[in-house]
Amino acid sequence: MSQTQLIVDGQKSGKPRRPALLIASTASGQGKTTLTAALARLHSRQGRKVRVFKCGPDFLDPYWHELASGAPVHSVDLWMTGEADIRARLHAAAQEADLILMEGVMGLFDGSPSAADLAQLLGLPVLAVVNASAMAGTFGAVAYGLQHYQPGLRWAGLVANRVASSHHAELLQQGLRDPEAWQGALAGITLDGPQKNAALLPERHLGLVAAHELGDAMQRLDAAADALARTPLGQRPWTAGAGQASWQDWAVDFALPSQAAAQETAIEPWLADRTVAVACDAAFAFIYPANLDCLRAMGARLAFFSPLAGDRLPHCDALWLPGGYPELHAEALQANTGLREDLAQHVAAGKPVWAECGGMLALCESVTDTAGDTPVTQALWGLLPGQVHMQARLAGLGMQQLELPGGVLRGHTFHYSRLETSMPQAGRSSRPGAAVQADRGEALYRHGSVHASYFHAWFASCPRAVARLLGAQI
């Protein structure tokens, strides 16, 4: 069975047409995530089924979109996940959803391929949001540049975020060269927190604080949806009246990928009758739903457990320790001595472990934070020889590929720590289309039955390689 077939099994083979938007911007920090989540929450409250997708690699924004929409959120990227996978997921979502939203990544034209390239390929209308808090007429120049930089894009409109007053909104409108081309710029939204300049969706290193970590997450989404409901975008009718624009004007045909576009990756039951334990809590939260789908498609039984809740290691044949924030929970992790003993026995028995980024860090000896006046070092599980050092600047960022005996896995890296270790390298990731370079990729370490790396894998890019990492004899 192919991954594409897996996604659409049981779905109609027609070409569903649904309203859809790609929410984009000029850069990060403009309000894309908040606007996307607010739209999802607003329409969900009105009784519509909403499906949200996220461009590029991201583990944190999807938590907010999942809470807002009530449905799983998948990442899409023309390089990492591929066109066939994207089209199949969108087609399946359109079979059940009334509205499809997709949040862009960074700026609209950033990266190659960019969010704009994806929007153009799929025919998605683009809704741009710009932080206009320190702008007046220049807002029009930004709008003009967005509209004309890449011909062929289908535009839905423009949102000015953090508008201070009605007069400020008028100044923004006056700066537009051609308001009609934007169907009337949607200026006037302020999606801030309860205090001035406070972020409605709070951040820390690596990105937003995940929704499940905040007790008032739904109240924050409702506040954003309420603000949106008072704007032209929030009041846009679902169906058109006489001469009236509606959400149906933004409809898109979500066809299945053609045979020419579908580069199907065969999935066989390589993990049948095997149990894969998966750590899953605030310390190990960087999990793509598609990765879980891929494991299940290979026949694996998944056993989830929470190290922070004091869980022991479930009976399993293999273990996946995803990324997350072990550095924020080092004391609680180290205190779970029963789990530490289980992990040591698992490794001593030669059972495989795949540890990604934070999962790798948790297995190391210690983590040191130098953010304060005095460095603070905390013990970790100590199953890998290595010391983790947190730092203020990024140590790794971008798309990566990792060549393994079972094939080439695609994925990415994003971390603020560095690892000092004596472990030998079993391989090294590289940038897309580039040769392996010691200063550009991430090391793959092997220590006994443990494979560990800062590299985050998209399992569906090479299921055979993942199966081998988890002990399949293929």
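The values are calculated or read from the model by the stated rules, or taken from the named source; none is laboratory data. Since the structure is predicted, the reported quantities are computational estimates derived from the model, not experimental observations. No Cβ is skipped: glycine too gets one built from the backbone with ideal geometry, and neighbour counts run over all protein chains shown.
For the range 327-369, taking the residues that are among the acidic types (Asp, Glu) and closer than 26 Å to Arg418 by Cβ, the one that is modelled with the lowest pLDDT is identified as Asp369. Note on the range 269-282: among residues that are in a loop (DSSP other than H, G, I, E, B) and at pLDDT 95 or above, the one that is farthest from Leu90 (Cα to Cα) is Arg274.
If I filter the range 70-125 down to residues being among the small types (Gly, Ala, Ser) and under 19 Å from Leu397 (Cβ atoms), which single residue comes out as surrounded by the fewest Cβ atoms within 10 Å (Cβ to Cβ)? Break it down stepwise before answering.
Within the range 70-125, the first condition is being among the small types (Gly, Ala, Ser), and the residues that meet it are 70-71, 75, 82, 84, 88, 92-94, 97, 104, 107, 111-112, 114-116, 119, 123.
Filter once more, keeping what is under 19 Å from Leu397 (Cβ atoms): 75, 104, 107, 111-112, 114-115.
Details: Ser75: 24, Gly104: 30, Gly107: 19, Gly111: 21, Ser112: 10, Ser114: 21, Ala115: 29.
Looking at the filtered set, the residue picked out is Ser112.
Inside the range 308-355, residues that are out of contact with any Ser or Thr (no Cβ under 7 Å at 6 or more places or on another chain), assigned to a strand (DSSP E or B) and of a type outside the set (Gly, Ala, Ser) make up a count of 4. Go through the residues of the range 8-19 one by one and say whether even a single one is crowded, with 24+ Cβ neighbours inside 10 Å and either at pLDDT below 85 or not hydroxyl-bearing (Ser, Thr, Tyr) (or both). Within the range 8-19 (the criterion being crowded, with 24+ Cβ neighbours inside 10 Å and either at pLDDT below 85 or not hydroxyl-bearing (Ser, Thr, Tyr) (or both)), the answer is no, since none of the residues qualifies.
Remark: pairs (first residue in the range 458-469, within 15 Å of Ala272 (Cβ to Cβ); second residue in a loop (DSSP other than H, G, I, E, B) and β-branched (Val, Ile, Thr); Cβ separation under 7 Å; 6+ apart in sequence or on different chains) = Pro463/Thr265; Pro463/Ile267; Arg464/Ile474; Ala467/Ile474; Arg468/Ile474. Within the range 380-399, restricting attention to residues that are part of a strand (DSSP E or B) and at pLDDT 95 or above, which residue is surrounded by the most Cβ atoms within 10 Å (Cβ to Cβ)? Taking the candidates together, the pick is Gly386. Taken over the range 264-279, the criterion of being closer than 23 Å to Cys357 by Cα and crowded, with 21+ Cβ neighbours inside 10 Å is satisfied by Val276, Ala277, Val278, Ala279. Select from the range 330-356 the residues that are touching a helix residue (DSSP H, G or I) at 6+ places or on another chain (Cβ under 9 Å) and under 11 Å from Ala283 (Cβ atoms) and list them in ascending order. Listed by number, the residues that qualify are Ala330, Leu333. Annotation: of all residues in the range 140-168 being touching a residue at least 24 places away in the same chain (Cβ under 8 Å) and assigned to a loop (DSSP other than H, G, I, E, B), the one that is surrounded by the fewest Cβ atoms within 10 Å (Cβ to Cβ) is Gly152. Just a yes or no: is a residue in the range 190-198 outside any helix (DSSP H, G or I), modelled with pLDDT under 90 and charged (D, E, K, R)? Yes, there is a match, as at least one residue in the range 190-198 is outside any helix (DSSP H, G or I), modelled with pLDDT under 90 and charged (D, E, K, R).
Does Leu295 satisfy the criteria of being at pLDDT 95 or above and not in a helix (DSSP H, G or I)? Give the derivation first.
Working: at pLDDT 95 or above: yes; not in a helix (DSSP H, G or I): no.
Considered against the rule, which asks whether it is at pLDDT 95 or above and not in a helix (DSSP H, G or I), Leu295 comes out as no.
Right, Ala185: surrounded by 15 or more Cβ atoms within 10 Å (Cβ to Cβ), under 20 Å from Lys32 (Cβ atoms) and modelled with pLDDT of 60 or more or not? No; evaluated as a whole, the condition is false for this residue. The listed residues are Val252, Val159, and the only one of them that is within 30 Å of Tyr63 (Cβ to Cβ), of a type outside the set (Lys, Arg), under 28 Å from the mean Cα position of the chain (by Cα) and modelled with pLDDT of 90 or more turns out to be Val252.
Scanning the range 290-337 for residues that are surrounded by fewer than 18 Cβ atoms within 10 Å (Cβ to Cβ), on the phi < 0 side of the Ramachandran plot and in contact with a Pro (Cβ under 7 Å, 6 or more places away or on another chain) returns a single hit, Ala303.
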